[in-house]
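Q: This is the structure I want to talk about, given as structure tokens.
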Amino acid sequence: MLKGIGVISWEFLTEMPKDGMTSGGIFPAIVGTLLLVLGSMLVAFPIGIMSGICMSEYVKDGFIKRFVTVMTNNLAGIPSIVFGLFGMEFFVNELKWGDSIIAGSFTLGLLAIPIVIRITEESLKSVSKTFREASMALGATKLQTTYKVVLPIAMPNIVTGLILSLSRVSGETAPILFTVAAYFLPKLPNSIFDQVMALPYHLYVISTSGTNIEASRHMAYGTALVLIIIVLMFNLLANWLRKYLSRKVKMN
Amino acid sequence: MEKQFKDKESIEDVMQMQEPSKQNRTVKIESRNMELYYGEFHALKGINIAIKTNSVAALIGPSGCGKSTFLRSLNRMNDLIDGVKISGQVLIDGKDIYNSKALRIEELRKKVGMVFQKPNPFPKSIFENVAYGLRVNGISHKSFIEERVERSLKQAALWDEVKDKLKKSAFELSGGQQQRLCIARALAIEPSVLLMDEPASALDPISTAKIEELIYELKSDYTIVIVTHNMQQAGRVSDMTAFFYLGELVEYDSTKKIFTNPEDLRTQNYITGRFG
Ligand SMILES: Nc1ncnc2c1ncn2[C@@H]1O[C@H](COP(=O)(O)OP(=O)(O)OP(=O)(O)O)[C@@H](O)[C@H]1O
Ligand SMILES: [Mg+2]
């Protein structure tokens with residue numbers, strides 16, 4: 001950690017890697033990671049949130065619900081390398097997207113969907129049924145009750161949970177290994193079908209198989225620190241948003 | 001005078017036996033041989049009752065006897081619970097609310113408002129709490145909503161206390177104020193029936209008195225059904241009282257009769273505090 005601080009400088013954050021990754025910066029990896037986080041968000045949130053809402057509000061207790069719950073739990077427990085292999089087979093080869101941001105985003109998104117479903121479902125379930133009853137008793141439909149009463153109340157928890165899931169996604173190496181991550185690519189992507197570098201993979205590369213491991217050691221510390229800071233920032237953001245949203249829904 | 005309905009007597013027969021002055025007062029709520037099961041559990045057994053327009057009916061009885069269950073079956077709140085089975089008829093304004101294709105469940109709940117035991121305002125502003133029912137029923141005209149909110153808050157005797165802080169969170173109100181807010185919220189969509197499940201049980205004596213006063217005033221425009229554990233309260237606010245015991249409607253008669261000279265021994269024991 002301390003060794004990382006000395007490495008971090010404006011240049012480190014904004015420059016391309018140089019000299020076989022032993023000097024220069026990690027700018028493309030930072031951009032790559034942020035793009036992948038954004039991409040996986042776009043993939044996982046709509047589907048995951050909708051499914052979570054359905055599971056909590058619409059699907060009656062019974063076989064289907066138990067089945068889906070078991071499946072999402074299983075999916076959440078699968079090692080991320082399996083998602084990586086699936087992503088390579090399906091998105092990269094089958095759909096011929098090649099190693100690309102879009103393939104990586106879908107793979108990471110897939111990994112996040114079960115988590116997003118669980119977070120949404122649990123947050124909605126924790127909303128007291130007295131609010132639902134009050135709404136229905138005023139002649140509101142189920143749909144109105146869900147989006148005018150239940151969702152706003154659950155929103156602080158959902159948002160916090162989702163951001164935390166993002167911080168998990170941003171640190172994953174295995175799913176991007178075969179689907180998007182470039183070993184060394186000192187330029188920014190032009191389209192979603194380009195490869196990018198990403199922080200976790202970059203860290204993995206320069207600390208295990210770089211051109212000169214000893215020479216790039218300090219780069220590894222710096223990269224690790226940046227990754228940690230990004231994750232930390234997600235957590236702080238989550239915290240702040242929860243407080244802000246809680247105030248907004250006037251919950252005391 | 002009302003009598004407890006035996007199975008062979010139909011409600012109509014009993015109606016005809018009533019004194020002429022009361023005859024033109026129509027029946028607002030009526031149930032015929034209503035049975036309710038929670039899964040296997042038989043919670044309401046053959047309930048027959050008729051509640052007249054613009055009157056207050058109190059439901060009393062020991063804990064777990066089915067008062068809330070009966071009340072919630074009048075606006076189909078029990079539909080929200082899995083595994084509830086209902087048979088027999090529940091009529092409001094002569095329409096079977098469980099088997100009438102013409103009456104959407106949302107329409108029914110608009111007509112039959114409900115106030116819950118614990119105050120349950122939404123985590124929204126005071127204004128939005130009262131406006132909610134209007135909004136979900138498709139009303140968006142701003143000045144109309146404003147007028148209606150003001151009127152409902154006045155009806156619920158809360159206006160003076162909140163008129164300067166309508167934008168504040170409803171959670172900043174005291175428990176008694178919150179309960180009156182919930183009453184205002186229910187009144188805003190102009191129901192004709194108001195169901196109240198122990199509306200004052202979580203409140204202090206002053207708030208309770210306010211709510212009781214309110215019930216008395218609302219009676220001229222609404223038909224009110226109130227569950228209460230408080231005998232004095234039932235005596236003060238209601239015209240008719242129904243005594244429930246173990247899922248049965250044991251006795252239903254004028255409040256005065258129930259409290260002074262009940263027919264059934266079980267009612268008598270309960271009133272005099274021998275069980276319950
Ligand atoms: N959702 C439910 N599922 C299963 N059984 C229930 C449910 N709600 C109530 N019951 C049962 O039905 C019976 C009647 O309950 P209800 O709530 O109507 O009683 P109550 O007369 O309102 O009692 P209290 O005075 O304590 O509020 C009780 O035995 C209760 O255990
Ligand atoms: Mg009850």
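Read-outs throughout are calculated quantities, based only on the coordinates presented, and are distinct from any laboratory measurement. Bear in mind the structure is a predicted one, so any value in this text is a computation, not a measurement. When we count neighbours, we look across all protein chains shown, and the Cβ atoms used for this are built from the backbone with ideal geometry, even at glycine.
Q: For Cα pairs less than 8 Å apart in space and 6+ apart in sequence, what is the mean separation divided by the residue count of region A:25-251, i.e. the relative contact order in percent? Walk me through the numbers on the way to the answer.
A: Working: 308 pairs, mean separation 65.1, N = 227.
Relative contact order, region A:25-251: 29 percent.
Q: Okay, next question. Taking GluC sites (Glu not before Pro) as candidate sites, keep only those in a DSSP loop with at most 16 other Cβ atoms within 10 Å, then name the longest stretch of chain A containing none of them. Intermediate results must be reported in sequence, preceding the final value.
A: Working: sites that count: A:Glu15, A:Glu214.
Maximal segment without exposed cleavage sites: A:16-213.
Q: Follow-up question, since we're still on this one. Give the cross-link partners of B:Lys118 among the aspartates and glutamates, using a straight C-alpha distance below 14 Å as the criterion and excluding same-chain residues fewer than 8 apart.
A: In chain and number order, the partners are A:Glu133, B:Asp197, B:Glu198, B:Asp204.
Q: Pop the C-beta distance of A:Glu94 and A:Ser191 into the FRET formula with R0 = 22 Å and round what comes out to the nearest 0.05. Display every interim value, and only then the final one.
A: Working: r = 20 Å, r/R0 = 0.91.
Result of the calculation: an efficiency of 0.65.
Q: Also, quick follow-up: Across peptide B:120-126, how many C-beta atoms of other chains are within 10 Å of each residue C-beta, on average? Could the numbers behind the result be given before it?
A: Numbers: counts 9, 4, 11, 11, 7, 1, 1.
For peptide B:120-126, the averaged partner shielding equals 6.
Q: A follow-up question, please. Given charges of +1 on the Cβ of Lys and Arg and -1 on the Cβ of Asp and Glu, with all other atoms neutral, how large is the dipole of the protein assembly as shown about its Cα centre, in debye to the nearest 20?
A: Roughly 580 debye for the protein assembly as shown.
Q: Using θ = phi - 60° and the Karplus form 6.51 cos²θ - 1.76 cosθ + 1.60, what ³J(HN,Hα) does each residue of region B:230-237 get, whole Hz, x for Gly and Pro?
A: In residue order, the calculated couplings are 9, 4, 4, 4, 4, x, 6, 9 Hz.
Q: A further question follows. For the protein assembly as shown, would you read off the P(r) tail past 31 Å as a percentage of all alpha carbon pairs?
A: Details: 81491 of 139128 pairs.
Value for the protein assembly as shown: 59 percent of Cα pairs lie more than 31 Å apart.
Q: Let me ask something else about it. Could you work out how far the C-alpha centroid of region B:191-247 sits from that of region A:65-135, in angstrom?
A: With region B:191-247 and region A:65-135 each reduced to a Cα centre, they are spaced 50 Å.
Q: Using the Cα centre as the reference, give the magnitude of the dipole from point charges on the C-beta atoms of chain B (Lys, Arg: +1; Asp, Glu: -1; all else neutral), rounded to the nearest 20 debye. If you can, show how the numbers build up before the last one.
A: Working: 39 positive and 37 negative charges, 109 e Å.
Using only the charged Cβ atoms, the result is roughly 520 debye.
Q: Report, for chain B, the % of DSSP beta bridges that are antiparallel, rounded to 5.
A: Details: 25 of 43 bridges.
DSSP beta bridges in chain B are roughly 60 percent antiparallel.
Q: Are there chymotrypsin sites (Phe, Trp or Tyr not before Pro) in region A:93-167 that DSSP puts in a loop and that have at most 14 other Cβ atoms within 10 Å, and which ones? Display every interim value, and only then the final one.
A: On the way: sites: A:Trp97, A:Phe106, A:Phe131, A:Tyr147; in loops: A:Trp97.
Answer by residue number: there is no such site.
Q: Okay, helix-only estimate at 222 nm for chain B: each DSSP H run of n ≥ 4 adds -39500 (n - 2.57), divide by all residues, round to 500 deg cm²/dmol; what do you get? Don't skip to the end; give the middle numbers.
A: Details: 12 runs with 101 residues, N = 276.
Dividing the helical sum by the residues of chain B leaves -10000 deg cm²/dmol.
Q: If I take R0 = 60 Å and measure r between the Cβ atoms of B:Lys118 and A:Thr208 in this structure, what FRET efficiency does the formula 1/(1 + (r/R0)^6) give, to the nearest 0.05? Present the calculation step by step, with values, prior to reporting the outcome.
A: Values: r = 60 Å, r/R0 = 0.99.
E(calc), rounded to 0.05, equals 0.50.
Q: Now for a different question. As I understand it, the value is the acute angle between the Cα axis of helix B:142-155 and the longest principal axis of the Cα atoms of chain B; what does it come to in degrees, rounded to 10?
A: The two axes meet at around 50 degrees.
Q: Could I ask something else about it? Nearest 0.05, what FRET efficiency do A:Thr130 and B:Thr53 give at R0 = 30 Å with Cβ-Cβ as r? Intermediate values should be presented prior to the final figure.
A: On the way: r = 30 Å, r/R0 = 0.99.
That pair, A:Thr130 with B:Thr53, gives E of 0.50.
Q: Divide by every residue of chain A the summed helix terms, -39500 (n - 2.57) for each DSSP H run of at least 4, and state the resulting mean residue ellipticity at 222 nm, rounded to the nearest 500 deg cm²/dmol. Don't skip to the answer; put the middle values down first.
A: Numbers: 12 runs with 165 residues, N = 252.
Value at 222 nm, helices only, nearest 500: -21000 deg cm²/dmol.
Q: Report, in debye and to the nearest 20, how large the dipole of region A:25-251 comes out about its Cα centre when Lys and Arg carry +1 and Asp and Glu carry -1 on their Cβ. The partial results should precede the final answer.
A: On the way: 18 positive and 11 negative charges, 220 e Å.
For this selection, approximately 1060 debye.
Q: What does the convex hull of the Cα atoms come to per residue for region A:27-172, in Å³?
A: Working: hull volume 16.8 nm³, N = 146.
That works out to 115 Å³ per residue.
Q: Still on this structure, please answer the following. Expressed in nm to one decimal, what extension gain is obtained for the pair A:Tyr147 and A:Val68 from 0.36 nm per residue of sequence separation less their Cα-Cα distance?
A: Working: separation 79, 0.36 × 79 = 28.44 nm, distance 2.27 nm.
Between A:Tyr147 and A:Val68, full extension yields 26.2 nm more.
Q: Moving on. How do A:Thr211, B:Thr272 line up, fewest other C-beta atoms within 10 Å first? Please report the intermediate quantities before stating the final value.
A: Numbers: A:Thr211 13, B:Thr272 10.
Ranked by crowding around the Cβ, least crowded first: B:Thr272, A:Thr211.
Q: Suppose a student asked you for the relative contact order of chain B, using Cα pairs under 8 Å spaced at least 6 residues apart; what percent would you report?
A: Values: 502 pairs, mean separation 71.4, N = 276.
So the answer I get is 26 percent.
Q: Which one, A:Ala134, A:His202, A:Leu225, projects farthest toward the positive side of the charge dipole computed for region A:25-251 from Cβ point charges (K/R +1, D/E -1)?
A: Of the listed residues, the answer is A:Ala134.
Q: Which angle between 0 and 90 degrees, to the nearest 10, do you get for helix B:175-187 versus the longest principal axis of chain B when only C-alpha atoms count?
A: For helix B:175-187, the angle is close to 80 degrees.
Q: A follow-up question, please. Where in chain A are the helices, taken as whole DSSP H runs, whose Cα atoms extend 30 angstrom or more along the long axis and whose Kyte-Doolittle mean reaches at least 0.5?
A: Values: long enough: A:27-53 (38 Å, 2.06); A:101-125 (34 Å, 1.28); A:217-248 (46 Å, 0.74).
Flagged H segments are A:27-53, A:101-125, A:217-248.
Q: So in the protein assembly as shown, what percent of DSSP beta bridges are antiparallel if you round to the nearest 5?
A: Numbers: 27 of 46 bridges.
The antiparallel fraction comes to roughly 60 percent.
Q: Stretch B:Asp221-B:Ser140 to full length: gain in nm at 0.36 nm per residue minus the Cα-Cα span?
A: Working: separation 81, 0.36 × 81 = 29.16 nm, distance 2.52 nm.
Result for the pair: 26.6 nm of gain on full extension.
Q: For region A:25-251, compute the number of Lys pairs whose alpha carbons are separated by less than 17 Å, excluding pairs fewer than 8 positions apart on the same chain.
A: Counting lysine pairs in region A:25-251 gives 10.
Q: To continue, here is another question. I'd like to know which of A:Tyr58, A:Ile81, A:Gly25 lies farthest towards the positive end of the charge dipole of region A:8-156, counting +1 on Cβ of Lys and Arg and -1 on Cβ of Asp and Glu.
A: Most positive-ward Cα: A:Tyr58.
Q: Something else about it: Taking 7 Å along the Cα-to-C-beta vector as the label spot, tell me the B:Lys256-A:Glu122 distance in nanometres, rounded to one decimal.
A: It is 6.1 nm.
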